[in-house]
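Derivation of every value follows stated rules applied to the coordinates shown; laboratory data play no part. Because the structure is predicted, anything quoted here is derived from the model rather than measured. Note that we place each Cβ from the backbone using ideal geometry, even for glycine, and neighbour counts take in every protein chain shown.
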């Protein structure tokens, strides 16, 4: 594992989760690993949980973090080649990236999609430019299309919950449902995409996606996953219900406020007493009803806590690899 | 002491001041206390001295600080229950607070009043919501109505000054005057409120408040303190003059630029060669005349320096308590 | 050396470069020097390389850095005496500076010129006010007229390059050319000024400046340096070409987009296979052509890397001096 930008990388996914569990029980055990190492976190978009959890993870490893909260406008980078830079862009990625690669040992980057031009977003220009011009390990803190750190935390939360309740689930494959939820504005596909990729790596889960017509995720992501437009059908016998809004992929960036997709306690009755997940921030009474978020079946705090431990596992793995390469 | 949000808490006020003095002479003596502990500082309003002094205090204790400079607009939190969150608020305090409580060991919060709705401000919705939903010690970095860290630093500064000049004051109770000053815009009551509460805890001081008619502080704060609308009368024989503007409490949020209340050197002649205090930032020639701020009777720098040591005493006390509770 | 604000200070310039080289080879050797010491970095203007390199330099010395990203507008300081502060300025430098001097052991300050009033800019009001009212060592992170940290990094980069290629240069004085480049807006003189001052301290270099008519730097800076308006003449036989835009000094703040001054590969043919330098950020195809920036004669990354080591040498020298003074 040289970088951590997607869950289809060739590293061992379950090793990362095991390492995360290990750190959860022993936060400071590898406190020497990051000594005199620096993590740069570049935020081209705002962040709360991702920034905090990653910074805490690095600190647990004895690694120093320096944050660059860079508004896309204030440090406008040029990503295209052979441009006469007489406009608003003040620096080319070809100059900016290498020096960040020199100042830091690992670089985390967050850069959201614009949701206006699908090809442009799928091109992952920002992330790929940093990968191309920075010669150090890169961690995606959420890119235009993916959010692998979130998916790792989600996977860990499901595993922990299953372990806790082993007798209940031991005789059948747990059914995990990713259900679309309404929202008041266009939201990226990143969390949904990475969660789907993550579940596809889990042969022991029965994974289903449900969303309104016109809101299917990219076929490149969902592949052969069963998709239904009938939320009721999907929720039947579900053990985990992951609620998440995303804007349309086909009619790119279109959004819907259709409140019939709100997850409430009535719908949960169809499930097998399912646990409910969401990556946060969640809009109460729009995506999920109050009574669901306030119930003890709600795992959102567990997911958020686990962000620290999976980030720590990712950083530690990158640090170990870079040491063994030297 | 589980939290530090007001000076009427039941802890021993003078113990905190003694601990502050101890740390002033031995800044790094408890550098082990904060090892692997994290302080989150959440600023919903801007800060200079409070942020720096608190961060330095934590660092002296070996504790890591992570700052969240969160514009009220950019991370608009919903504080009311059962709301359909289809407006500008992106996250509910019920989700936001617990995870901060998990990421940090102590949380400091700054949230100013709006000075438009008295009941709302006195309700301390932001501070109380964090107290309710975060299960860790909370430090107020200035709330809607109070600024207890400032008051502690002010009390320490007065004590130190008295100790320095013992013979002068030994035969009478020191007279401490809180005098209203003009300002060009509505200013919160926090500093004045907490200073008044603080002085009420000091039986050995003769404490007087003076302000124009219509500018009395809340009766809940001033209780039986002598209030006069004649600044001249208040300043007579004063040993300490604390200058501070606040907007009206009765006609809530009204302000006054009445320059007859400016503290200048002529007025100081009425006092017993008084020391002059202000929490900073101060508007020169509006609140206090240049010659007063530039004189050696001015204690504003001492007050600002002491912010570090009282914050260190507060953080250390909370750390010790949380350790002894485990 | 009590402060580091200009290269005409009386300290030994070459000692600093030697110390920088030493730290480049032994980054953490003086990690004890900054223990329990704090560096405050005050940015009244944005910064990327300067902030990161200075923070990393301090960290290498075991020193804690606290950043104050202060927009000139949001923390509007009054610098003039005897003003009635009833306008937009919220705090006077006479109050703000001493407390920063108490909270920190060294203070770095960045404050750009407005390029509208030459006398005002040359007065260096911000930097000089901090020097006057803060009783601790001050480092300029780029002031209205000078950028000495950049010049030190530039000097180190030239020295390293010469050392690397000793046989080539041993028989003649290396020719170093500072050439003006076009730009789309008014740019400060700081980098050009400090580079010129720096080269004047190097008796073994043949230093030449070339710029269009009307764009001569201040005579106080350039003194007896040879200035030509014929770029071609300057580039002949050059070993180093430092490309930099600056606005007019005479017709103060005027700028020019004259693309005939762009440095391209054709012009480099006139040189002695010169190395090309720029402080970054650089506007590609406006100041320097792509093929030049992408060639192996381009030293811009080396310059940026060296920012860390010269900053570390400066901070270490100030720390050592302040210790020996106690």
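Relative contact order for chain A using alpha-carbon pairs under 8 Å, separation at least 6, rounded to a whole percent? It rounds to 21 percent for chain A.
Relative to the current alpha-carbon distance between residue B:301 and residue B:225, full extension at 0.36 nm per residue lengthens the span by 24.6 nm.
A straight line joining the Cα centroids of the stretch A:58-117 and the stretch C:71-130 runs 30 Å. The relative contact order of the stretch A:196-249 comes to 39 percent, based on Cα pairs under 8 Å that sit 6 or more residues apart. Translational diffusion of the protein assembly as shown was estimated from the Stokes-Einstein equation, with Rh taken as the Kirkwood radius over Cα pairs; at 10 °C and 1.306 mPa s the coefficient is 51 µm²/s. A label point on residue C:171, set 7 Å along the Cα-to-Cβ line, lies at 9.4, 9.4 nm from each of its counterparts in the other copies, closest listed first. For residue A:88, the distances from its label point to the matching points in the remaining copies are 2.2, 2.2 nm, ordered from shortest, with each point set 7 Å beyond Cα toward Cβ. The order of C:104, B:43, going from fewest to most other C-beta atoms within 10 Å of their C-beta, is B:43, C:104. For the peptides A:209-216, C:146-153, B:47-54, the ranking by packing is C:146-153, B:47-54, A:209-216, with the highest mean count of neighbouring Cβ atoms within 10 Å listed first.
For the stretch B:150-304, dividing the convex hull volume of the Cα atoms by the residue count gives 99 Å³ per residue.
Taken over chain A, the ratio of Cα radius of gyration to 2.2 N^0.38 Å equals 1.01.
In terms of other Cβ atoms within 10 Å, B:130, C:207 run from fewest to most in the order C:207, B:130.
Kirkwood radius for the stretch C:33-101, taken over all pairs of different Cα atoms as the inverse mean of 1/r, rounds to 13.8 Å. For the pair residue C:204 and residue C:90, a Förster radius of 60 Å applied to the C-beta separation gives a FRET efficiency near 0.75, rounded to the nearest 0.05.
To the nearest ten degrees, helix B:13-25 and the longest principal axis of the Cα atoms of chain B are 90 degrees apart.
Only Cα pairs under 8 Å and 6+ residues apart enter the sum, and on that basis the relative contact order of the stretch C:150-304 stands at 27 percent. Exposure proxy shown here: for B:205, A:249, the number of other Cβ atoms within 10 Å sets the order, fewest to most, as B:205, A:249. Averaged over peptide B:48-61, the number of partner chain Cβ atoms lying within 10 Å of each residue's Cβ comes to 3. Note on A:93-104: average number of Cβ atoms from other chains within 10 Å of each residue's Cβ is 5. For chain B, modelled as a GNM whose springs connect Cα atoms under 10 angstrom apart, the maximal fluctuation among B:245, B:273, B:80 occurs at B:80.
When the Cα atoms of the stretch C:52-210 are aligned to their principal axes, the ranges along those axes come out at 64, 40, 27 Å in descending order. Compute the acute angle (0 to 90°) between the alpha-carbon long axis of helix C:93-103 and the principal axis of greatest extent of the alpha-carbon atoms of chain C; round to the nearest 10°. Approximately 90 degrees, to the nearest ten. Over all pairs of different C-alpha atoms in the stretch C:163-219, the reciprocal of the mean inverse distance, the Kirkwood hydrodynamic radius, equals 13.2 Å.
Relative to the globular-protein estimate of 2.2 N^0.38 Å, the Cα radius of gyration of the stretch C:9-142 stands at 1.17. How far is it, in nm, from the label point at residue A:12 to the one at residue A:116 when both lie 7 Å from their Cα along the line to the Cβ? Result: 4.6 nm between the two label points. Spatially, the stretch B:248-326 and the stretch B:1-38 are offset by 21 Å when compared through their Cα centroids. Between copies, the label points of residue C:119, set 7 Å from Cα on the Cα→Cβ line, lie 5.9, 5.9 nm apart, reported in increasing order to one decimal in nanometres.
Counts of other chain beta carbons within 10 angstrom of each beta carbon in peptide A:299-305 average 3.
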